[in-house]
Amino acid sequence: CIGIGSAARGDVVVVNTAGLLPTHPLVEVVRAFLEDAAYQKIYQNGQYDISVLRLMWGITHQGYVGDTLVQHHSVAPDEPHNLAHMAFTYTDAPPWKPPKRRGGMEVFTTDEELHLYNARDVRITALVYRALSTQMVKESAVEVAALDMRKYHLALHMGEYGMPVDMAV
């Protein structure tokens, strides 16, 4: 599933993408949104999501302007950079991760549970992004994060053109 939200309004929509082909009308609507640079997009570890959507459906993202993983690394490089830790640190959101794990992965008992998890991740990402934007200004880390985002974009483009930047040599 794919979650898309509005940071300003707090709205989140979760699109169930299970089994959809690249030509499905729902995928085309998602593609139009993600490929429109007029809509600014933030992610938590966007390199993963962007790479998966490019490989699955050929979606080329535009408007990728921020990433909470990059922000957090710029202000707290020695802390864990997962969304649960950032949510605990920068928001008053209660824990939302399902308690069950199998083989190192979360296990969802229903699609509804997965979709709710996704919606909460989207909303928490927006709240963490806002909090970290303020924290970056306080700690004079805005330029550090901007440089890291440029490197993120370069790494994404290198991966698109066949240079696997995350593989061991």
| field | Between the stretch 78-107 and the stretch 1-57, the Cα center-to-center distance that results, in Å | value | 22
| Beta bridge orientation in the chain: antiparallel %, DSSP, nearest 5 | 65
| remark: With the charge dipole of the chain built from beta-carbon charges (+1 for Lys and Arg, -1 for Asp and Glu) about the Cα centre, the Cα from 26, 154, 119 projecting farthest to the positive end belongs to 119
| task | Per DSSP H run of at least 4 residues, take -39500 (n - 2.57); add these up for the chain, divide by its residues and hand me the 222 nm value, nearest 500 deg cm²/dmol. | result | -16500 deg cm²/dmol
| For the chain, with only Lys/Arg (+1) and Asp/Glu (-1) charged at the beta-carbon, what is the dipole magnitude about the Cα centre, in debye rounded to 20? | 120
| query | Among the aspartates and glutamates, which fall within straight-line cross-link reach of residue 41, defined as a Cα-Cα distance under 13 Å, with same-chain neighbours fewer than 8 residues apart omitted? | reply | 49, 67
| For the chain: accessible area per residue (Å², 1.4 Å) | 61
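Could you give the length gained by full extension between residue 54 and residue 151, i.e. 0.36 nm per residue of separation minus their alpha carbon distance, to one decimal place?
33.1 nm
Listed highest first by mean packing, meaning other Cβ atoms within 10 Å per residue, what order do 60-68, 24-32 come in?
The most tightly packed comes first, giving 60-68, 24-32.
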| said: Given the stretch 33-91, report the % of alpha carbon pairs whose separation exceeds 14 Å. | reply: 59
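In nm², what is the average projected area of the convex hull enclosing the Cα atoms of the chain?
Values: hull surface 45.2 nm².
Average of the hull's projected areas for the chain equals 11.3 nm².
The values are calculated or read from the model by the stated rules, or taken from the named source; none is laboratory data. Quantities reported herein were computed from a predicted structural model and do not represent experimental measurements. Glycine also receives a Cβ, built like all others from the backbone with ideal geometry; neighbour counts cover every protein chain displayed. Areas reflect the complete protein model, heavy atoms only, side chains present, ligands, DNA and RNA absent. Shrake-Rupley method; radii C 1.70, N 1.55, O 1.52, S 1.80 Å.
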